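One structure is given below, encoded as structure tokens.
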């Protein structure tokens with residue numbers, strides 16, 4: 001399976017690209033190895049949609065509430081977020097350094113009769129003159145080689161009136177126990193080796209990177225799983241999974 005290689009200015013880790021390329025045929029299988037992502041996807045979608053609707057003063061109940069907005073999904077995989085945002089009226093650009101992931105994304109979008117601009121590229125390869133209303137980095141920064149450089153590039157692609165949404169994993173004993181030991185070894189929700197605990201990013205670290213780019217966190221939420229309800233929900237507990245919304249400061 002072919003995958004893009006990194007360059008000196010790249011924050012892409014070829015080993016990470018290869019890891020997710022091997023899963024390209026399973027992205028759209030809700031019962032396969034990507035099942036946890038399918039289960040959490042409605043929560044991610046709602047969080048991002050609501051933040052965008054507040055920012056751009058849209059009616060969140062409208063089926064075309066994101067009409068006219070340009071959304072960039074970085075590390076889009078096979079398009080699990082791109083497709084629902086396209087259905088809500090957004091102009092969606094999904095990028096991923098894995099050729100097989102992008103091929104799977106294009107095939108599924110064609111079958112779904114959706115026009116989505118999928119590109120096999122790194123964030124560093126986007127034309128610096130392009131700007132987006134919403135920049136997404138969902139479950140991505142814990143897989144890059146340089147979080148600061150990656151977020152610098154993400155911030156540079158935002159319109160002055162835009163927003164960025166980032167989701168990642170906190171780094172502490174609890175996240176090691178639940179996200180590594182629990183999810184990968186005990187419950188086997190994810191293939192072993194999906195995550196490296198040392199690459200997790202604390203909320204304080206993420207905030208510092210964003211503030212350096214003159215962005216301020218305007219919203220943040222933990223994401224927790226209830227085994228009794230068998231679903232994910234938003235929470236004040238940011239010890240493991242969490243999401244933040246950032247906008248231009250001042």
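Of the residues in the range 54-74, none is within 20 Å of residue 29 (Cα to Cα), modelled with pLDDT of 95 or more, in contact with a strand residue (DSSP E or B) (Cβ under 7 Å, 6 or more places away or on another chain) and surrounded by fewer than 21 Cβ atoms within 10 Å (Cβ to Cβ). Looking across the range 211-250, the residues that are modelled with pLDDT of 95 or more, over 22 Å from residue 196 (Cα atoms) and not in a strand (DSSP E or B) come down to 211, 212, 213, 214, 236. When you scan the range 1-116 for helices (runs of 4 or more DSSP H) that lie fully inside it, which ones turn up with 3 or more residues that are under 26 Å from residue 147 (Cα atoms)? Here the list reads 14-21, 35-55, 99-111. Being over 18 Å from residue 77 (Cβ atoms) and at pLDDT 95 or above is a property that residue 124 has. Would you call residue 148 touching a helix residue (DSSP H, G or I) at 6+ places or on another chain (Cβ under 9 Å) and either surrounded by fewer than 19 Cβ atoms within 10 Å (Cβ to Cβ) or assigned to a loop (DSSP other than H, G, I, E, B) (or both)? The answer is yes for residue 148.
The values are calculated or read from the model by the stated rules, or taken from the named source; none is laboratory data. In this text the structure is predicted, and so the values were computed from the model without any measurement. Positions of Cβ are backbone-derived with ideal geometry, glycine not excepted, and every protein chain shown enters the neighbour counts.
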